[in-house]
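Report on the following structure.
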Amino acid sequence: MKYYLIAGERSGDFHASNLMRQLQQQDSAADLRFWGGDLMQAAGGTMVHHYQEMAIMGFWEAATSLLKFRGYLKECQRDMLEYKPDVVILVDYAGFNMRVAKFAKEQGIKVFYYISPKIWAWNQGRVHKVKALVDRMFVILPFEEEFYQRFGYKVDYIGNPTADAVADHPAAPDFYQRNNLDPQKQIIAVLPGSRKQEIEEMLYEMVAILPPFLNYQFIVAGVDNLDPNYYAHFERNNVRILFNQTYDLLAHATAALVTSGTATLETALFGVPQVVCYRTSAVTYAISKALIKVRYISLVNLIADREVVKELIQGEFNSRNLVTELKKITADEEFIAQQKAGYAELREKLGRNNAAAKAAKLMVGYLSQK
């Protein structure tokens with residue numbers, strides 16, 4: 001069968017690439033075409049556009065890029081009509097993908113959604129649109145199944161692919177030596193995000209708090225979808241940038257400063273005490289605050305349904321608070337133990353499900369029923 005996948009950011013590229021490999025296991029004649037990134041390209045198939053060209057965050061930023069988005073949407077529609085897929089598989093990235101879903105539905109093309117858009121967080125009324133446009137929804141957070149059930153929409157909970165990825169990650173005993181790190185200093189991991197807008201909002205503040213922590217080395221998780229030279233002005237004594245080694249970094253870190261997103265869950269699953277950080281434009285924040293229906297922004301707290309990790313959001317994200325909270329997760333043994341106990345509850349809730357394989361098997365099964 002012919003599969004058309006769309007992932008609009010780095011985490012989506014990662015999860016979609018694993019799904020693509022599993023689809024090829026289930027369907028040996030699978031023909032894959034996609035909008036995504038390097039990992040999806042490595043999995044096989046034909047790339048139409050790289051997600052880096054579409055990586056816009058926030059309401060204000062999206063509004064100012066409206067013409068660009070419309071152009072991509074028109075191109076996607078033309079490409080789908082020419083390709084004639086059996087199914088469109090959308091991966092998160094709701095702003096673009098829900099428009100694609102509407103078009104696909106109008107053309108009589110099956111629509112599957114892998115990793116639900118976060119409609120439970122704000123504007124929950126969008127669930128009715130999802131019900132109308134999406135033939136099958138595959139969710140990865142335990143509370144999402146119950147959320148959709150409240151609206152009479154049956155979805156497939158497939159487990160969490162991030163939990164699978166962390167559990168499958170092999171240890172790297174030569175991490176310090178390979179990267180010429182100081183073996184006498186423990187590591188504070190800094191995960192500022194994968195989009196330039198995120199990094200510019202977060203990283204200056206994150207690396208400005210060095211003086212109280214000179215006994216540690218700060219290691220920033222860089223991503224190769226950005227020019228390495230972009231990171232150069234963040235490097236200084238006691239601050240290093242390492243590219244594409246996030247899991248190895250977390251496996252060796254003592255503590256972490258993490259921009260809200262999938263990385264907060266990854267950090268928790270590695271058992272690393274963390275402070276969750278988030279700041280965006282004033283306009284985006286004002287709109288978000290008015291619309292958001294959940295108490296937390298980090299996946300860790302959302303899944304636990306309580307505060308396991310401290311969230312420093314917008315005005316609270318400043319050097320003074322960062323120093324205070326980082327001291328807690330590096331020196332306060334009782335605080336660290338409480339956070340790690342919360343992590344243990346999180347792992348139990350998520351379990352181990354081989355999510356991508358389960359999703360691929362279900363998808364091929366549903367498509368074969370036609």
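The values are calculated or read from the model by the stated rules, or taken from the named source; none is laboratory data. Note that the structure is a prediction, hence the values are computed from the model and not measured. We place every Cβ from the backbone using ideal geometry, glycine too, and count neighbours over all the protein chains shown. The protein model used for the area step is the full one, side chains on, heavy atoms only, and it has no ligands, DNA or RNA in it. Shrake-Rupley method; radii C 1.70, N 1.55, O 1.52, S 1.80 Å.
One table, with the values for the structure above:
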| read-out | value |
| --- | --- |
| Restricting segment 1-31 to residues that are surrounded by 21 or more Cβ atoms within 10 Å (Cβ to Cβ) and outside any helix (DSSP H, G or I), the residue that is nearest to the chain's Cα centre (by Cα) | GLU9 |
| Members of segment 123-147 that are more than 18 Å from the chain's Cα centre (by Cα) and more than 24 Å from GLY108 (Cβ to Cβ) | ASN123, GLN124, GLY125, GLU145, GLU146, PHE147 |
| Candidates ILE297, ILE241 - the one that is surrounded by fewer than 22 Cβ atoms within 10 Å (Cβ to Cβ), part of a strand (DSSP E or B) and either at pLDDT 95 or above or not aromatic (Phe, Trp, Tyr) (or both) | ILE241 |
| Subset of segment 1-30 that is free of Cβ contacts under 8 Å to residues at least 60 places away in the same chain and touching a helix residue (DSSP H, G or I) at 6+ places or on another chain (Cβ under 9 Å) - its residue that is farthest from GLY261 (Cα to Cα) | ALA30 |
| Residues that are touching a Leu at 6+ places or on another chain (Cβ under 8 Å) and either at pLDDT below 95 or aliphatic (A, V, I, L, M) (or both), drawn from segment 64-87 | VAL87 |
| Near pairs, Cβ below 6 angstrom, 6+ apart or cross-chain, from segment 47-62 (among the β-branched types (Val, Ile, Thr)) to any residue that is open to solvent by less than 30 Å² (accessible area, probe 1.4 Å) and modelled with pLDDT of 70 or more | VAL48/TRP35; VAL48/ASP79 |
| Residue count, segment 251-260 (criterion: open to solvent by 30 Å² or more (accessible area, probe 1.4 Å) and outside any helix (DSSP H, G or I)) | 1 |
| Neighbours by Cβ (under 6 Å, 6+ apart or cross-chain): first from segment 231-248, closer than 20 Å to GLU205 by Cα and touching a residue at least 24 places away in the same chain (Cβ under 8 Å); second assigned to a helix (DSSP H, G or I) and of a type outside the set (Ser, Thr, Tyr) | PHE234/LEU203 |
| Inter-residue pairs, beta-carbon under 9 Å, first in contact (Cβ under 8 Å) with a residue 60 or more places away in the chain and under 24 Å from ALA360 (Cβ atoms) and in segment 146-158, second assigned to a loop (DSSP other than H, G, I, E, B) and open to solvent by 50 Å² or more (accessible area, probe 1.4 Å), 6+ apart | ILE158/ASN353; ILE158/ASN354 |
| Some residue of segment 303-320 being part of a loop (DSSP other than H, G, I, E, B), among the β-branched types (Val, Ile, Thr) and either surrounded by fewer than 16 Cβ atoms within 10 Å (Cβ to Cβ) or modelled with pLDDT of 95 or more (or both) | yes |
